[in-house]
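Structure first, commentary second.
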Amino acid sequence: MKVLVIGGTGFFGKSILDSFVRGRLKKFQISELIILSRSIDKFQILYPEFLTSNITYINGDIARLNSLPEADIIIHAATSSNQNDYVIDSFKEKENTELGVSNYIKLASIFHKNSKIVYCSSGAVYGKQPENIKNIKEDFPFLDVNSLNEVKRDYALSKRNAESQINEFGASGYNVSIARCFAFYGKYLPEDGHFAYASFLKFAKNGKDIIVNASHDVIRSYMHANDLVDSLIKIALASNPDCPIYNVGSDNPISIFELAKQIAEKYSVKVITKENINSRKIDRYVPDISKLKSIL
């Protein structure tokens, strides 16, 4: 089978490429990858390990293309999850995400009539997870986006709008699905982003103490990149006109303070936290993945 990854040079794309070159995707009978991105030239210089046979690169912006190669599976992961991008120009990022989906749908109706399509959304669409909900399910009603901070609000709105477009596309008879992705870790997680896991690891590897700036308890869970890739392929294969939705992530919660402690112990550094921690306030972002487990 041939897989087209749209937005294929981000963390998701690199993780898929890594699985492919290591032969992990042979179990899905995947023999070819096509990577579409706006920054192919730079990517190929930085990641020569992915310049192998059966991987084709296409330089282009999914929001503006007028044609696409055919493929059996489409993984649409073209969006920025870096909060800094939304801080700089949240409207632009929101618009690019939505245009990237609307233009893709136009093209898919021509080039991907029989393909299996998975759109990579986010757990942010639910809004701020209530403290009493330990693991949030796919049927949980969306909360007011104002429960999120301004940066996350625009990101969540863009994903909600994109999901609506994908859902409508499926209702027209196309095989689609949605992966609501949470938090991950792996070799290609960017160390210069807003991800706590990567940030802690970067400090620890360099022999520096880990600084946790949270003033309250933050609960997260982390799925390894290998499991993320397997999940996306499985969800794509489950695509149908009813547009099934799956949470993707780990259902094993960990406090950000405990995460910092575990990483610090491994690299023999210290953890520095604020003096006054509000233990009664909890920021939780952990999925229920029972539905995902049913297809893995």
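All of the numbers you see were taken from the coordinates with simple rules; none came from a lab. This structure is a prediction, so every number in the text was calculated from the model and none was measured. No Cβ is skipped: glycine too gets one built from the backbone with ideal geometry, and neighbour counts run over all protein chains shown.
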Fill in the blank from the handout: Other residues with Cβ under 13 Å from the Cβ of Lys113 give, with Lys and Arg +1 and Asp and Glu -1, a net charge of 0
Problem - Simple spin-label estimate for Asn213 and Leu237 in nanometres, 7 Å along Cα-Cβ - result: 4.2 nm
Practice task
Multiply the residue separation of Glu70 and Glu150 by 0.36 nm, subtract the distance between their alpha-carbon atoms, and state the gained length in nm to one decimal.
Solution key: 25.0 nm
Practice task
Putting +1 on Lys and Arg Cβ atoms and -1 on Asp and Glu Cβ atoms, find which of Val248, Asn146, Tyr57 reaches farthest to the positive end of the dipole of the chain.
Solution key: Val248
Practice task
Only loop residues by DSSP count here, and only those with at most 14 other Cβ atoms within 10 Å; note down the trypsin sites (Lys or Arg not before Pro) in region 266-296 that meet that.
Solution key: Lys270, Lys274
Fill in the blank from the handout: Here the percent of antiparallel bridges among DSSP beta bridges lying wholly in the chain, to the nearest 5, is 10 percent
Practice task
Write down the percent of antiparallel bridges among all DSSP beta bridges whose residues are both part of region 199-296, to the nearest 5.
Solution key: 20 percent
Exercise for the section: Using DSSP to define loop residues, name the trypsin sites (Lys or Arg not before Pro) in region 153-233 whose beta-carbon has at most 13 other beta-carbon atoms within 10 Å. Expected result: Lys187, Lys208
Problem - region 113-165: equivalent-ellipsoid semi-axes (sqrt of 5 x gyration tensor eigenvalues, Cα, Å) - result: 23, 15, 8
Exercise for the section: Could you sort out which of Lys128/Lys291; Lys159/Lys234; Lys234/Lys274; Lys116/Lys187 sit more than 31 Å apart by Cα distance in this structure? Expected result: Lys234/Lys274
Fill in the blank from the handout: Note: Glu49 to Arg24 extended length (0.36 nm per residue) minus current alpha-carbon separation gives 7.4 nm
Exercise for the section: Give the residues of region 20-51 whose amide nitrogen is closer than 16 Å to a point set 7 Å from the Cα of Ile295 in the direction of its Cβ. Expected result: 28
